[in-house]
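Down below is the structure, laid out as structure tokens.
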Amino acid sequence: MQLGDVLDVLDLDVRTASIEITRVEIDSRLCEPGTLFFALQGESAHGVNFVDDAVRRGAVAVVASTKPKSDVALVLVPETQLRALLAHASAAIVGRPEQDVELVGVTGTNGKTSITTLVASLARSLGWNAANIGTLTNERTTPAPPELFRSLAELVNDFDVTRGRSVVALEVSSHALDQHRVEGLAFAVVAFTNLSHDHLDYHGSMENYFAAKASLFSAEHAARAVVWSDDPYGERIAEMTKLPLTRVRRSDAKDVVTSLRGTMFFWRSHLVNTSLIGGFNVDNALMAMEILRTLGADEAAIASAMAGVASVPGRFEVVSDRDVVVIVDYAHTPEGLRRLLEDVRALSNGGRVITVFGCGGDRDRAKRPEMGEVATANSEITIVTSDNPRSESPDAIIDSIISGTVPGATVFRQSDRRLAIAQALSLAVAGDAVVIAGKGHETTQVIGDLVVPFDDRVVARELLK
């Protein structure tokens with residue numbers, strides 16, 4: 001594809017416009033012959049510093065806001081236009097796959113992965129082509145445009161063209177909105193789950209965090225909206241948006257009966273019987289079902305399809321339901337952990353709750369004491385351990401968490417996560433529930449520069465033997 005067609009919104013000279021482009025990248029290490037390299041401002045360095053590396057690996061043209069030293073075909077644009085142009089080029093080079101599907105965008109602090117996974121699963125049960133993109137499928141919650149549009153193209157290519165409809169549910173993070181990663185995408189439905197303390201190291205304040213999320217709910221991005229309005233920030237969005245809106249509340253689920261085997265409730269007068277566990281998953285199910293209803297699916301068919309929906313990996317995943325119940329969950333925010341532990345308490349039949357968790361390094365430090373407070377306020381025993389410490393000292397992270405714990409709470413510290421899980425299991429007696437929180441579906445642990453195999457579910461099963 002010629003550069004003039006990839007960047008058809010710009011007026012390029014004939015020579016530059018005729019350059020053949022096969023790939024778009026923002027990471028010089030991923031460049032190959034025929035690549036168009038976008039030199040963006042990163043968190044610690046500007047992409048213009050990596051143009052030489054990109055060219056060595058095969059980049060044939062560069063889009064940047066400042067002139068690099070390298071002798072390469074260059075398209076200069078203002079810094080403010082770079083990210084929007086990147087999304088445009090990334091879509092064009094793979095054939096604009098977003099035009100062949102109905103897109104669902106889900107944003108919020110907690111629940112994005114569960115809801116997008118449920119939407120895709122329900123749609124498949126209805127006979128549609130469906131998939132989801134996010135935490136379970138890609139390295140980032142919302143991939144950067146080159147990876148995002150390649151992922152979309154791969155999904156669309158695999159869809160069965162004989163089926164009537166195709167849906168892709170996309171997790172939309174606040175970082176993605178702030179960095180224009182979903183620029184130019186037209187969502188059939190956008191959904192909001194909730195907002196609580198997270199990513200303030202990036203956004204600076206809850207208001208900035210909220211503003212990033214709320215920006216998705218405009219006619220520029222979407223046709224319709226589904227909003228969880230039991231959350232005060234959700235209600236704010238519901239009041240602000242001009243999009244056709246469906247409000248969703250916990251009260252939409254009638255006669256809820258839940259256990260460690262599954263959940264039953266009535267929704268819009270239809271019986272829903274699902275293997276999903278816990279109150280928070282009732283919320284997720286309600287959101288997913290309303291999204292499908294907003295897309296035009298039949299209510300009775302949606303309710304019936306919930307019976308075939310599998311649990312989401314690493315989300316209230318019951319590793320053992322014998323004498324001691326063991327649950328692995330991705331909860332890594334104060335509100336997410338609180339909701340998880342409240343659900344466990346409601347299902348524990350009077351036994352103790354023993355919680356193992358840590359906080360990730362090189363991430364929002366302000367939430368660590370809050371996590372310590374939430375864990376100890378909702379557990380009889382808390383074991384603070386390592387999550388993904390990355391470049392930080394595991395013990396320093398643990399110190400910060402423990403600084404917020406409730407006075408008098410029973411708290412242990414053990415930086416080795418495997419030993420921490422073993423300690424929790426050794427302390428548990430019949431009737432207790434052990435909650436291992438923070439990593440959920442993850443299969444590795446990042447310690448310094450090392451990425452080592454570690455899956456809470458696998459480790460727990462090994463120790464239980």
Helices (runs of 4 or more DSSP H) contained in segment 392-465 and holding at least 2 residues touching a residue at least 24 places away in the same chain (Cβ under 8 Å) and charged (D, E, K, R): 417-427, 456-464
Looking at segment 339-349, is at least one residue assigned to a helix (DSSP H, G or I), among the small types (Gly, Ala, Ser) and not assigned by TED's automatic domain parsing to the domain that holds Ser259? yes
Could you tell me which of the residues Ile291, Ile327 is surrounded by 24 or more Cβ atoms within 10 Å (Cβ to Cβ), in contact with a Leu (Cβ under 9 Å, 6 or more places away or on another chain) and over 28 Å from Val429 (Cα atoms)? Ile291
Total residues in segment 58-87, condition in a loop (DSSP other than H, G, I, E, B), within 24 Å of Leu148 (Cβ to Cβ), in contact with a Leu (Cβ under 8 Å, 6 or more places away or on another chain) and not hydrophobic (A, V, I, L, M, F, W, C): 1
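With respect to Ser304, determine if the residue is in contact (Cβ under 8 Å) with a residue 60 or more places away in the chain and more than 25 Å from the chain's Cα centre (by Cα). Show your work before the answer.
Values: in contact (Cβ under 8 Å) with a residue 60 or more places away in the chain: no; more than 25 Å from the chain's Cα centre (by Cα): yes.
Considered against the rule, which asks whether it is in contact (Cβ under 8 Å) with a residue 60 or more places away in the chain and more than 25 Å from the chain's Cα centre (by Cα), Ser304 comes out as no.
Could you tell me which residue of segment 160-182 is surrounded by the most Cβ atoms within 10 Å (Cβ to Cβ), considering only residues that are free of Cβ contacts under 8 Å to residues at least 60 places away in the same chain and aliphatic (A, V, I, L, M)? Walk me through it before giving the result.
Quick first cut of segment 160-182, residues free of Cβ contacts under 8 Å to residues at least 60 places away in the same chain only: 160-164, 175-176, 178.
Next cut, aliphatic (A, V, I, L, M) only: 161, 176.
Numbers: Val161: 8, Ala176: 24.
Looking at the filtered set, the residue picked out is Ala176.
Look through Ser275, Ser259 and report the one residue that is small (Gly, Ala, Ser) and touching a helix residue (DSSP H, G or I) at 6+ places or on another chain (Cβ under 7 Å).
Being small (Gly, Ala, Ser) and touching a helix residue (DSSP H, G or I) at 6+ places or on another chain (Cβ under 7 Å) holds for just one of Ser275, Ser259, which is Ser259.
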Flagged pairs (Cβ under 9 angstrom, 6 or more apart or on separate chains; first in segment 31-45, under 17 Å from Leu74 (Cβ atoms) and polar (S, T, N, Q); second modelled with pLDDT of 95 or more and in a strand (DSSP E or B)) are Thr35/Arg23; Thr35/Val24; Thr35/Glu25; Thr35/Ala59; Thr35/Val60; Thr35/Ala61
Go through (1) in contact with a helix residue (DSSP H, G or I) (Cβ under 9 Å, 6 or more places away or on another chain); (2) part of a helix (DSSP H, G or I); (3) outside the structural domain of Asp11 (by TED's automatic domain parsing) one by one and return the number of the condition Thr113 breaks. (1)
Of residues in segment 259-273 being in contact with a strand residue (DSSP E or B) (Cβ under 7 Å, 6 or more places away or on another chain) and under 28 Å from Ala223 (Cβ atoms), the one surrounded by the fewest Cβ atoms within 10 Å (Cβ to Cβ): Trp267
For segment 277-291, check the following and say yes or no: at least one residue is farther than 30 Å from Arg322 by Cα and more than 18 Å from the chain's Cα centre (by Cα). yes
When the residues of segment 309-332 are narrowed to those that are in a loop (DSSP other than H, G, I, E, B) and over 10 Å from Ala437 (Cα atoms), which ends up farthest from the chain's Cα centre (by Cα)? Asp323
Residue among Ala169, Ala219, Ala176, Ala211 that alone is in the same structural domain as Val248 (by TED's automatic domain parsing) and touching a strand residue (DSSP E or B) at 6+ places or on another chain (Cβ under 6 Å): Ala169
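Condition check ((1) over 22 Å from Val182 (Cα atoms); (2) surrounded by 15 or more Cβ atoms within 10 Å (Cβ to Cβ); (3) under 25 Å from the mean Cα position of the chain (by Cα)) across all residues:
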{"residue": "Thr22", "(1), (2), (3)": "no, no, no"}
{"residue": "Glu25", "(1), (2), (3)": "no, yes, yes"}
{"residue": "Glu32", "(1), (2), (3)": "yes, no, no"}
{"residue": "Phe37", "(1), (2), (3)": "no, yes, no"}
{"residue": "Gly42", "(1), (2), (3)": "no, no, yes"}
{"residue": "Asn49", "(1), (2), (3)": "yes, no, no"}
{"residue": "Val62", "(1), (2), (3)": "no, yes, no"}
{"residue": "Arg96", "(1), (2), (3)": "no, yes, yes"}
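The values are calculated or read from the model by the stated rules, or taken from the named source; none is laboratory data. Values in this document were obtained by computation on a predicted structure and should not be read as measured data. Here the Cβ is made from the backbone with ideal geometry for all residues, glycine too, and neighbour counts use every protein chain on show.
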